[in-house]
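See structure below.
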Amino acid sequence: MQKLTKETWADYREYPEKVIQFGEGNFLRAFVDWKIDKMNKEANFNGSVVVVQPRDHGTVHKLNEQDGLYTLYLQGIKNKQAVREHSVINCISRGINTYTDYSQYLELAENPELRFIISNTTEAGIYFEENDKLDDQPQKSYPGRLTALLYHRFKAFEGEKNKGFIIIPCELIDRNGEKLKKIVLQHAHAWNLGEEFVHWVLEANTFCCSLVDRIVPGYPSDTINEITEELGYQDDLVVVGEQFYLWVIEGPDWIKEEFPTDKAGLNVKFVSDMAPYRTSKVRILNGAHSAMTPVAYLYGLDTVGEAVTNEITKKFVEELIYEEIIPVLDLPEQELKLFAEAVLERFMNPFVNHYLSSIALNSMSKFKTRDLPSLLEYLDKKKELPKKLTFSLSALISYYKGKRGGEEIQLQDDQDILDLYKSLWENYGNTESGLKQIVTSVLAYEKVWGMDLNNVPMLTEAVTNYLIKIENDGMKEAIKEVTKLNAT
């Protein structure tokens, strides 16, 4: 069977190189490169991507063997239907390994048509490596290599202000663009590159913060034989992603003119402040995940898909999102509802088995980050506790008992948290006063919460009452206390 290359792919096209991409992994190929491919086809972007391999052991050689071509499968809910579709992505011109072709890497700085730098070097990739030097080939860190590239461009074009880059990191850290710029400037000072270069970095280049969202399972090793048969060619770089995606880019509005995602109908938002989007993503997507997990698991369900198709737990999740989380967020209500609808569709993705037990890892800190802010803000705004979020906290305490009926739960958390729950559940004496003592002790555990939650009005009593209901009657009965479906 023939391999996917420009000789075997009849629709192959070449475009001028406009984008430098640090990272050749599955996520960028299923997220950014897919968008650039669509912009080429639908918005006349007319640009290709040069991929720079950030690690010694990478896969740019596979990209070069396939002339930058690869097949992307997108599967999930689209327009209310379960859809699985694939396309060949044709926007990568070549790959460069900085460990073997460093001079070729630096030559990129001399190309006046290159305009964008995009990266995903993992959350650990944006850091200051004090041992990096300008004359290293290559520098150990991504920011070190980026600084060297920027300095080479600064010299090549004699500091021309119109030869800077638009730099959009996709690493999953807050304020990623700001942190990357700070480290580049740190290298500039450490390497004594001069104030003129520092001013050029600040004035000629635009560092954007960004928020990315798409689940990308990656290479489908378990079904590759069937996929190869379906495609009719060999592709060593097949990548699988979900249908949903969102890219929020904080930066000047004029970037849209050069990066016309809107003209390709893409869900990319250019904003002046991405904080509300990050908050809504954490609260709605991650918050719903964390809040539903102990409830649905103790109900007897094992996956997210089951949790949002079971009539009772689905109602719980919907009311949680629409009635308790969205009302305390800052974005327009309609925009939040559209995002929530997309989130629920993602939860129902029939192509993904997302196990609740995997979400339950470190549930205490997750509840603190993802759900507690919504609970406290709801109380402040409405002067009453949000029932579903409070009930979820009770379910979480019950989950840490480590039992689902006669089944042992493999709890995973910091050892001090596991020790706390073990002691509390072993010694509560099977009494309601004992359950209240458990609640009081857990809410008082400031190491996790950063505060004594017993001081939150009405919380200790409400959590205790729900926990008593869960322990005495079981989750299937207790959940009726907080869902409108069975209010009658």
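The values are calculated or read from the model by the stated rules, or taken from the named source; none is laboratory data. Being a predicted model, the structure only gives us computed values, none of them experimental. For neighbour counting, all protein chains shown are included, and Cβ atoms are generated from backbone atoms with ideal geometry for every residue, glycine included.
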Could you say whether any residue in segment 204-220 is within 24 Å of Thr8 (Cβ to Cβ), assigned by TED's automatic domain parsing to the domain that holds Asn64, modelled with pLDDT under 95 and not small (Gly, Ala, Ser)?
-> yes
Select from segment 329-364 the residues that are without any contact (Cβ under 8 Å) to a residue 12 or more places away in the chain and among the polar types (S, T, N, Q) and write down the one among them that is nearest to Ser280 (Cα to Cα).
-> Gln334
Would you mention how many residues in segment 5-27 are outside any strand (DSSP E or B) and buried (at least 23 other Cβ atoms within 10 Å of the Cβ)?
-> 2
Hey, does segment 222-234 have a residue that's within 22 Å of the chain's Cα centre (by Cα), within 21 Å of Val352 (Cβ to Cβ) and among the aliphatic types (A, V, I, L, M)?
-> no
How about segment 2-17: which of its residues are over 30 Å from Ala109 (Cβ atoms) and under 31 Å from the mean Cα position of the chain (by Cα)?
-> Leu4
Go through segment 38-49 and give me each residue that's in contact with a strand residue (DSSP E or B) (Cβ under 6 Å, 6 or more places away or on another chain) and surrounded by 22 or more Cβ atoms within 10 Å (Cβ to Cβ).
-> Ser48, Val49
Would you be able to tell me the number of residues in segment 45-72 that are polar (S, T, N, Q) and either more than 23 Å from the chain's Cα centre (by Cα) or at positive phi (or both)?
-> 4
Read through the list (1) assigned to a strand (DSSP E or B); (2) in contact with a Lys or Arg (Cβ under 7 Å, 6 or more places away or on another chain); (3) β-branched (Val, Ile, Thr), then give the number of the only condition that Ile118 fails.
-> (2)
Just to be sure, is Trp191 under 30 Å from Leu4 (Cα atoms), in the same structural domain as Asn267 (by TED's automatic domain parsing) and surrounded by 17 or more Cβ atoms within 10 Å (Cβ to Cβ)?
-> no
